[in-house]
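The values are calculated or read from the model by the stated rules, or taken from the named source; none is laboratory data. These numbers were taken from a predicted model, which means no experiment stands behind them. Glycine also receives a Cβ, built like all others from the backbone with ideal geometry; neighbour counts cover every protein chain displayed. The protein model used for the area step is the full one, side chains on, heavy atoms only, and it has no ligands, DNA or RNA in it. Shrake-Rupley method; radii C 1.70, N 1.55, O 1.52, S 1.80 Å.
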Amino acid sequence: KAGVTQTPRYLIKTRGQQVTLSCSPISGHRSVSWYQQTPGQGLQFLFEYFSETQRNKGNFPGRFSGRQFSNSRSEMNVSTLELGDSALYLCASSPLGLAAYNEQFFGPGTRLTVL
Amino acid sequence: DQQVKQNSPSLSVQEGRISILNCDYTNSMFDYFLWYKKYPAEGPTFLISISSIKDKNEDGRFTVFLNKSAKHLSLHIVPSQPGDSAVYFCAASNGGSQGNLIFGKGTKLSVKP
């Protein structure tokens with residue numbers, strides 16, 4: 001079974017631009033979660049999607065948004081990029097999500113650099 | 001306010017010996033705990049989990065112990081191997097009503113040959 005894939009792997013943007021990251025979950029997994037990893041804050045939860053609906057949301061500003069498609073693939077969008085948005089963005093999938101005590105399987109991440 | 005704490009940023013162990021990684025949490029509503037291993041430039045890899053109804057879970061060389069009264073869990077790796085060198089993250093969840101993981105900041109384990 002193929003693992004979680006994320007595209008692109010690396011991205012460089014400038015302040016004020018917007019960016020869209022993509023995540024393809026493991027086949028059959030309906031829950032997709034997004035995390036931001038920075039050296040100072042560690043791994044922080046952004047949001048979870050399940051069956052095309054946002055089920056949980058972390059403590060991030062509205063510039064961070066996401067969506068999920070009917071095939072469970074998910075996208076994350078960050079608008080009006082700031083320098084502090086430079087981070088590794090990780091996507092994780094699971095069959096039914098943590099609410100069902102499923103462990104999450106992570107993709108390799110997208111390294112976003114904002115200049 | 002950090003709800004999940006890994007107080008040791010790094011740990012160095014000799015090959016063949018036991019590695020013990022510790023994790024403390026503050027939220028008594030957490031009922032599902034997981035350990036992940038992470039290599040540079042890769043996403044975290046799930047290692048082992050434990051629910052709050054258990055106090056121990058074993059999988060090969062990896063054992064996780066949970067002490068609910070102390071709000072403490074630990075990961076034991078026996079015997080440690082050089083390939084175990086990575087950053088280990090402890091994560092907690094209130095699975096019943098909260099669908100996200102709260103991660104500690106990680107402990108970098110170095111296993112020396």
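Out of A:Gln18, A:Gln6, report the one residue that is touching a Ser or Thr at 6+ places or on another chain (Cβ under 6 Å), loosely packed, with under 15 Cβ neighbours inside 10 Å and not aliphatic (A, V, I, L, M).
One residue alone meets the criteria, A:Gln18.
Taking region A:37-69 as the region of interest, how many residues are out of contact with any Ser or Thr (no Cβ under 9 Å at 6 or more places or on another chain) and part of a loop (DSSP other than H, G, I, E, B)?
Residues that pass the stated criteria total 8.
Return yes when A:Glu75 is farther than 25 Å from A:Tyr101 by Cβ and under 9 Å from the mean Cα position of the chain (by Cα) and no when it is not.
Taking the combined requirement at face value, the residue satisfies it.
Just to verify a result, which residue in region B:51-71, among those that are open to solvent by less than 70 Å² (accessible area, probe 1.4 Å) and modelled with pLDDT under 95, is nearest to A:Phe105 (Cα to Cα)?
B:Ser51
Out of (1) within 12 Å of another protein chain (Cβ to nearest Cβ); (2) in contact with a strand residue (DSSP E or B) (Cβ under 6 Å, 6 or more places away or on another chain); (3) among the hydroxyl-bearing types (Ser, Thr, Tyr), the odd one out for B:Ser52 is which?
Result: B:Ser52 fails condition (2) only.
I'd like the full set of residues that are modelled with pLDDT under 90, closer than 17 Å to A:Tyr35 by Cα and either in contact with a Pro (Cβ under 6 Å, 6 or more places away or on another chain) or at the interface with chain A (Cβ under 9 Å from one of its Cβ atoms) (or both), limited to region B:16-42.
Those that are modelled with pLDDT under 90, closer than 17 Å to A:Tyr35 by Cα and either in contact with a Pro (Cβ under 6 Å, 6 or more places away or on another chain) or at the interface with chain A (Cβ under 9 Å from one of its Cβ atoms) (or both): B:Ala41, B:Glu42.
Conditions tested, residue by residue: (1) within 14 Å of A:Val114 (Cα to Cα); (2) in contact with a helix residue (DSSP H, G or I) (Cβ under 6 Å, 6 or more places away or on another chain); (3) open to solvent by 10 Å² or more (accessible area, probe 1.4 Å).
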{"site": "A:Ser24", "(1), (2), (3)": "no, no, yes"}
{"site": "A:Thr38", "(1), (2), (3)": "yes, no, yes"}
{"site": "A:Gln44", "(1), (2), (3)": "no, no, yes"}
{"site": "A:Ser65", "(1), (2), (3)": "no, no, yes"}
{"site": "A:Glu75", "(1), (2), (3)": "no, no, yes"}
{"site": "A:Leu81", "(1), (2), (3)": "yes, no, no"}
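Being touching a residue at least 40 places away in the same chain (Cβ under 8 Å) and assigned to a loop (DSSP other than H, G, I, E, B) is the requirement here; does A:Leu81 meet it?
So A:Leu81 fits the description; yes.
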